[in-house]
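Reviewing the structure listed below.
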Amino acid sequence: MKHRHLNHEGFTLAAIEDILARGSMPDWAPLIQTIKDDPFGEVADKTLTVCRNTEIYGASKLFTRLVQRARRTLDAQSAQGSQPLQPWLGRIRGA
């Protein structure tokens, strides 16, 4: 999604808020995939921050639940041993 008032393409707080407020499903898809790929990462945390601090009709609740579900899913997979923990351990160690 091209942000009319932003001069970058990253998932900053302003960009996430813009995507949730003005975007449609195709605009949401890259954000959703990024959250699913790294539910404890920076983009997921920023998305929760936006959702907590703004009430964007429907989107705030939807994306809060999306992040929570992605985190629960990863936790469940890790507990069952089906998700490799190396990517997460590297991030914790600062690698």
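Computed from the coordinates by the stated procedures, all read-outs in this text should not be read as laboratory data. Here the structure is a predicted model, which means the values were calculated and not measured. When we count neighbours, we look across all protein chains shown, and the Cβ atoms used for this are built from the backbone with ideal geometry, even at glycine.
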Exercise. Could you list, in sequence order, the residues of the range 42-61 that are over 22 Å from D75 (Cα atoms), in a helix (DSSP H, G or I) and of a type in the set (S, T, Y)?
Worked result: S60
Seminar exercise, completed: Only one of (1) part of a helix (DSSP H, G or I); (2) within 8 Å of the chain's Cα centre (by Cα) does not apply to P39, and that is (1)
Exercise. Does T64 satisfy the condition of being free of Cβ contacts under 8 Å to residues at least 24 places away in the same chain, of a type in the set (S, T, N, Q) and either part of a helix (DSSP H, G or I) or within 19 Å of T12 (Cβ to Cβ) (or both)?
Worked result: yes
Exercise. So how many residues does the range 32-65 have that are within 13 Å of I19 (Cβ to Cβ) and of a type outside the set (V, I, T)?
Worked result: 7
